[in-house]
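The values are calculated or read from the model by the stated rules, or taken from the named source; none is laboratory data. Remember, it's a predicted structure, so these values are computed and weren't measured experimentally. Every residue, glycine as well, gets a Cβ built from its backbone with ideal geometry; the counts of neighbours run over all protein chains shown. Accessible surface is based on the protein model in full, side chains and every heavy atom, while ligands, DNA and RNA are left aside. Shrake-Rupley method; radii C 1.70, N 1.55, O 1.52, S 1.80 Å.
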Amino acid sequence: MSCVLEDIINQKLSSAFANLGLDTKYAAVKVSDRPDLSDFQCNGALALAKIEKKNPRQIAETIAEKLTQDADFAKVSVDGPGFLNLTLNDDFLAAVADKMATDERFGCALNPNPKTVVMDYGGPNVAKEMHVGHLRSGVIGESMRRIEEFVGNKPIADVHFGDWGTPIGMILAEVIAHDGDLNKIESYDIAEITRFYKQANIRCKENEAAKETARQITAKLQEGDATYRKAWKHIRQVSVDAVKENYKELGVHFDLWLGESDAHNTCFEIKKIAQDKGLLEYDDGAYIIRLDEGNKPKPPVIIEKSDGGFTYQATDLATIKMRVDDLKADEIIYFVDKRQSLHFEQVFEAAEKLGIAPNVKLQHIGFGTVNGADGKPFKTRDGGVMNLSDMIKMSKEKVAESMPKADESKGITQEYLDHLISQVAIGAIKFQDLKNNIASGYIFELDDFANFEGKTGPYIQYAVARINSIMRKNKDINLGKIKVTNPEERNLLLKLAQLNNVVVRAEADREPSLISDYVYNLAQSFSAFYNTSPIMGAESQEIASSRLAIAKLTRDVLVKLLYLLGIEAPEVMLKA
Ligand code: ARG
């Protein structure tokens, strides 16, 4: 027996429809909008009525009659103009839960035709400290990577480092202006290099000549100037090291640490393909590809600027080609701020014209900004851009307020506490980010995001720790066959059985917030169950064993869902 509940029910409906000579296309259920009336509903009779030119209620009634013969349904009714309402038999529901409990994937389906999904997230830039904007890309991308893996696809995550544009030339020019040459550059660490970049930014804003110098250095670097390349290598390395530290702390993983620079050689190929296809135009000193199709004309893609440098668009096109040729991508997904939508529309259309990604799905998942209470992009108290490490530090301080102090006599060492605080703070940051629709921005809630109550990461972590403690307290009771003895128990099992569908939908829609909604509802349903269904004081040994098995299954599913969001589940939670 499969244990994907909706699949089983759809299967049952399909045979009933086929039996009655009805088109099985309409034999699909969805979770009931009226849980007080039924568990699932099917609206197929309404569509069928139009085709068969019959009364929808009549069609629904014949289907209902057939389904009533199946003992797995406790009740089948026809309501309104012809809605089928289905209520499951408790034993059937319990059997599905039992099956989930004995499978390490909880019976979730695996994609029989795994796709290679290249995932482009993170996207930090050389010499710039990461700010909260880079948080979203990393957090959403990491969660989607785990979801892709869970459903059986093959994700390949690439950080796509911004390591090839004018900022490099700006830093090199600034160092030369300061030191006279680049001899000392290898002694500079990330803090110093970031400082040079900040100064360069100010200088280039005020001074056209400085900007021009930076552009020329960038062009020479790209052409292969040995001194510039050597200096660039160092800058890149210290930046990558710093970024790796940040992402490690956030629990964000990458398979590849490639960057724009790695696409440089392929940019020549892109230019050549464009030329061969007659798509390349020389316009005002630059090489461009025009995009004028459709009803929404877009500005042209610029491949090479007048100074000979390749553009951000060119490197993205070259990178697509490499991902298709070398990584055999079936899909390439970009998790990038939605303010870059036009860039991706242009790049995708150019890729299509160039024919470099045939049958490959290219998708930009654009997300909104992290905002402050004023609704504007999040800033520090003094109005600066909040960088990622400061934000993590601040979150840890907030979490530490609700934790006890280290106390060796109670076995709470400082080291243990620091680890726990980090797990909770990162969990809080990530959950806050993933609890909203990805496309919308959100307000970074300084006060509530780390609360143990409400729709927060720590609330779910606490629910897991609570079940762990229940399991420890009842370790003498065996896990038993699952039974339904009250409505809260039933509701929890019904929720658990939706796992596969939620994960499948989150993958298809590339929407981790479906998982955060579900995990929150599940934790709440567990609470309601535990308040009404004692284990130690259960009516019988059998019921106690069943409830313990339900608790364990819920815990395991919650832990898996947190994992899919990129959040750790501490064994124990502490409260001050
Ligand atoms: N480095 C870019 C930025 O900070 C993001 C890169 C996104 N990925 C890409 N393939 N364009 O804006």
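Return only the number of the condition from (1) within 26 Å of THR218 (Cβ to Cβ); (2) open to solvent by less than 40 Å² (accessible area, probe 1.4 Å); (3) within 16 Å of the ligand (Cβ to nearest atom); (4) outside any loop (DSSP other than H, G, I, E, B) that MET322 does not satisfy.
(2)
Suppose we keep only residues that are over 12 Å from the mean Cα position of the chain (by Cα) and within 22 Å of THR319 (Cα to Cα) within segment 129-154. Which one would you say is nearest to the ligand (Cβ to nearest atom)?
That would be HIS134.
Among (1) assigned to a helix (DSSP H, G or I); (2) more than 13 Å from the ligand (Cβ to nearest atom), which single condition is ALA357 missing?
(1) is the only condition that ALA357 fails.
Is it the case that ILE51 is surrounded by 15 or more Cβ atoms within 10 Å (Cβ to Cβ) and either among the polar types (S, T, N, Q) or in a helix (DSSP H, G or I) (or both)?
no
Within the group LEU574, LEU499, LEU558, which residue is surrounded by 16 or more Cβ atoms within 10 Å (Cβ to Cβ) and touching a Pro at 6+ places or on another chain (Cβ under 6 Å)?
Testing whether each residue is surrounded by 16 or more Cβ atoms within 10 Å (Cβ to Cβ) and touching a Pro at 6+ places or on another chain (Cβ under 6 Å) leaves just LEU574.
Can you name every residue in segment 167-218 that is of a type in the set (Ser, Thr, Tyr), free of Cβ contacts under 8 Å to residues at least 60 places away in the same chain and under 22 Å from ASP241 (Cα atoms)?
Hits for segment 167-218 are SER187, TYR188.
Could you check ILE426 against (1) within 21 Å of MET130 (Cα to Cα); (2) surrounded by fewer than 20 Cβ atoms within 10 Å (Cβ to Cβ) and say which number it fails?
Among (1) within 21 Å of MET130 (Cα to Cα); (2) surrounded by fewer than 20 Cβ atoms within 10 Å (Cβ to Cβ), the lone unmet condition for ILE426 is (2).
For the structure I just gave you, tell me whether ALA506 is open to solvent by less than 30 Å² (accessible area, probe 1.4 Å), under 30 Å from LEU362 (Cβ atoms) and in a helix (DSSP H, G or I).
yes
Tell me whether segment 71-80 contains one or more residues that are at negative phi, more than 16 Å from the ligand (Cβ to nearest atom) and aromatic (Phe, Trp, Tyr). Step through it out loud before you land on a result.
Quick first cut of segment 71-80, residues at negative phi only: 71-79.
Next cut, more than 16 Å from the ligand (Cβ to nearest atom) only: 71-79.
Keeping just the survivors that are aromatic (Phe, Trp, Tyr) gives 73.
Yes.
Do we have any residue at all in segment 83-106 that's within 30 Å of ASN359 (Cβ to Cβ) and under 32 Å from the mean Cα position of the chain (by Cα)?
Yes, some residue in segment 83-106 is within 30 Å of ASN359 (Cβ to Cβ) and under 32 Å from the mean Cα position of the chain (by Cα).
Could you look through segment 325-340, keep only residues that are more than 12 Å from the ligand (Cβ to nearest atom) and touching a Ser or Thr at 6+ places or on another chain (Cβ under 6 Å), and pick out the one that is least open to solvent (accessible area, probe 1.4 Å)?
Step by step, filter segment 325-340, then rank; the result is ALA329.
Looking at segment 157-188, which of its residues are in contact with a helix residue (DSSP H, G or I) (Cβ under 6 Å, 6 or more places away or on another chain) and not small (Gly, Ala, Ser)?
Of everything in segment 157-188, those that are in contact with a helix residue (DSSP H, G or I) (Cβ under 6 Å, 6 or more places away or on another chain) and not small (Gly, Ala, Ser) turn out to be ASP163, TRP164, THR166, ILE168, MET170, ILE171, LEU172, GLU174, VAL175, LEU182, ILE185, GLU186.
Here are the criteria: (1) within 23 Å of VAL360 (Cα to Cα); (2) of a type outside the set (Lys, Arg); (3) surrounded by fewer than 19 Cβ atoms within 10 Å (Cβ to Cβ). Tell me which single one ASN295 does not satisfy.
Unmet for ASN295, out of (1) within 23 Å of VAL360 (Cα to Cα); (2) of a type outside the set (Lys, Arg); (3) surrounded by fewer than 19 Cβ atoms within 10 Å (Cβ to Cβ): (1).
Filter segment 1-25 down to the residues that are under 32 Å from the mean Cα position of the chain (by Cα) and not basic (Lys, Arg) and list them by number. Show your work before the answer.
Step one: list which residues in segment 1-25 are under 32 Å from the mean Cα position of the chain (by Cα), which gives 1-11, 25.
Matches in segment 1-25: MET1, SER2, CYS3, VAL4, LEU5, GLU6, ASP7, ILE8, ILE9, ASN10, GLN11.
From the list VAL126, VAL118, which residue is open to solvent by less than 20 Å² (accessible area, probe 1.4 Å), within 16 Å of the ligand (Cβ to nearest atom) and under 30 Å from ASN359 (Cβ atoms)?
None of the other options fit; the residue is VAL118.
Determine which single condition GLY537 fails, assuming it passes every other condition in (1) outside any helix (DSSP H, G or I); (2) among the small types (Gly, Ala, Ser); (3) open to solvent by less than 40 Å² (accessible area, probe 1.4 Å).
With respect to (1) outside any helix (DSSP H, G or I); (2) among the small types (Gly, Ala, Ser); (3) open to solvent by less than 40 Å² (accessible area, probe 1.4 Å), GLY537 is out only on (3).
For segment 230-268, which positions are surrounded by 16 or more Cβ atoms within 10 Å (Cβ to Cβ) and charged (D, E, K, R)?
ARG236, GLU260, ASP262
Just for segment 304-318: of the residues that are open to solvent by 10 Å² or more (accessible area, probe 1.4 Å), within 12 Å of the ligand (Cβ to nearest atom) and among the polar types (S, T, N, Q), which one is farthest from the chain's Cα centre (by Cα)?
It comes out as THR311.
Can you give me the number of residues within segment 129-163 that are open to solvent by less than 10 Å² (accessible area, probe 1.4 Å), acidic (Asp, Glu) and either at pLDDT 95 or above or not in a loop (DSSP other than H, G, I, E, B) (or both)?
The qualifying residues number 3.
Quick check, is ALA226 more than 34 Å from the chain's Cα centre (by Cα) and touching a residue at least 60 places away in the same chain (Cβ under 8 Å)?
Criteria not met by ALA226.
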